[in-house]
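Chemist: I have a structure here, written as structure tokens, and I will follow up with some questions on it.
Every read-out reported here was derived from the displayed coordinates using simple, explicitly stated rules and does not represent laboratory data. Just so it is clear, the model here is predicted, and its values are computed rather than measured. Here Cβ is always computed from backbone atoms with ideal geometry, including for glycine, and neighbour counts include all displayed protein chains.
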Amino acid sequence: MKKKKVKKCILVAPWITLDLETIKEEGEEPYIIAKDWLEVPLNWDKILTHINEITAIISDNDPYHLQVTEDTFREHGTKIIHEHNKGHINGEAGITELPSILNEF
């Protein structure tokens with residue numbers, strides 16, 4: 001079977017880790033939800049063999065965003081798009097449209 005490569009992966013409000021403050025504020029539920037992602041390290045070499053380009057769209061006031069996430073993505077060649085005042089970029093933050101994502105297609 002021939003392996004195929006993804007042309008582009010667009011991540012909206014991505015995160016790599018949770019900080020202790022988030023867990024204290026919101027309880028253990030975010031950790032339980034994210035446990036599988038948090039406990040298995042990302043194999044960037046393998047990821048990058050399957051994806052040509054990664055774009056991450058991040059809001060400047062996302063309560064779950066840590067600078068380490070942005071730094072890690074940038075270290076691996078990810079294009080970062082900063083949005084202003086869009087929270088976690090989801091319906092709960094009142095975001096139902098994201099025009100900047102259309103420019104990535």
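Chemist: Filter the stretch 72-96 for residues that are exposed (fewer than 12 other Cβ atoms within 10 Å of the Cβ) and within 20 Å of Leu18 (Cα to Cα) and give the result.
Modeler: Listed by number, the residues that qualify are Glu75, Glu92.
Chemist: Still on this model: Could you list, in sequence order, all residues of the stretch 31-70 that are among the aliphatic types (A, V, I, L, M), touching a His at 6+ places or on another chain (Cβ under 8 Å) and over 23 Å from Ile89 (Cβ atoms)?
Modeler: Leu48
Chemist: Which of the numbered conditions does Lys24 fail, given that it passes all the others? Conditions: (1) on the phi < 0 side of the Ramachandran plot; (2) in contact (Cβ under 8 Å) with a residue 12 or more places away in the chain.
Modeler: For Lys24, the failing item is (2).
Chemist: If Asn52 meets every condition in (1) under 26 Å from Lys3 (Cα atoms); (2) surrounded by 13 or more Cβ atoms within 10 Å (Cβ to Cβ) apart from one, which number is that one?
Modeler: Only one criterion is unmet by Asn52, namely (2).
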